[in-house]
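Here the structure comes first, spelled out in structure tokens, and everything after it is commentary.
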Amino acid sequence: MIQIKHKITKVVLKEIKSDNLCGADLHGADLRGADLCGANLRGADLCGANLREANLYEADLYGADLRGASLREANLFGANLFGAKIKITQKDTIIQCLDIVVEE
């Protein structure tokens with residue numbers, strides 16, 4: 001079993017009855033402020049999940065479904081987003097979370 005905890009308070013936000021988060025169904029989960037640093041979330045369903053202020057530093061989100069997920073102020077630095085599904089309306093938030101400068 002995996003416990004996803006808040007990065008500061010360490011309160012358990014979600015328990016998963018599995019030994020990993022690869023392909024996990026976290027659709028609509030409230031993971032605000034979660035510590036998911038380095039987590040393997042490959043192929044996970046995070047549609048509509050609240051990931052505001054979550055620490056996803058170096059998390060593996062390869063192929064994860066992030067459509068409609070709230071990512072404001074999340075730390076995505078070093079995260080693998082290759083093949084991740086997002087809505088076009090989320091691109092600016094993701095660019096900010098990755099601390100990328102886009103020049104036109």
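Under a point-charge model restricted to the Cβ atoms of Lys and Arg (+1) and Asp and Glu (-1), what is the dipole moment magnitude of the chain relative to its Cα centre, in debye to the nearest 20?
On the way: 13 positive and 15 negative charges, 67 e Å.
Taking the Cα centre of the chain as origin, the dipole is about 320 debye.
Between ILE86, ILE16, ILE94, the GNM of the chain built on Cα springs shorter than 10 angstrom shows ILE16 fluctuating the most.
Out of all DSSP beta bridges in the chain, what portion is antiparallel? Express it as a percent rounded to 5. Write out the running numbers ahead of the final one.
Working: 5 of 14 bridges.
Given both bridge residues lie in the chain, the antiparallel proportion sits at roughly 35 percent.
Estimated from helical segments only, the mean residue ellipticity of the chain at 222 nm is -1500 deg cm²/dmol, where each DSSP H run of four or more residues counts as -39500 (n - 2.57).
Compared with the direct C-alpha span, the chain from LYS17 to ILE2 gains 4.7 nm at full extension, assuming 0.36 nm per residue. Annotation: the residues PHE77, PHE82, sorted from fewest to most other C-beta atoms within 10 Å of their own C-beta, follow the order PHE82, PHE77. Quote the relative contact order of the chain in percent (integer), defining contacts as alpha-carbon pairs under 8 Å separated by 6+ residues. Reported relative contact order: 19 percent. Note on ASP30 and THR89: the extension gain reaches 19.2 nm, defined as 0.36 nm multiplied by sequence separation minus the Cα-Cα distance.
Under 14 Å from the Cβ of GLY33, count the other residues' Cβ atoms, weight Lys and Arg +1, Asp and Glu -1, and hand me the total. Before the final figure, lay out the partial values.
Numbers: positive: LYS5, LYS7, LYS10, LYS14, ARG32, ARG52, ARG72; negative: ASP30, ASP35, GLU53, GLU73.
Result for the local shell: +3.
Give the dimensionless ratio obtained when the Cα radius of gyration of the chain is divided by 2.2 N^0.38 Å. Compactness ratio reported: 0.99.
Throughout, read-outs are computed from the coordinates displayed, never taken from laboratory work. These figures come from a predicted structure and were not determined experimentally. FYI the Cβ positions are ideal-geometry reconstructions off the backbone, even for glycines, and counts take in every protein chain you see.
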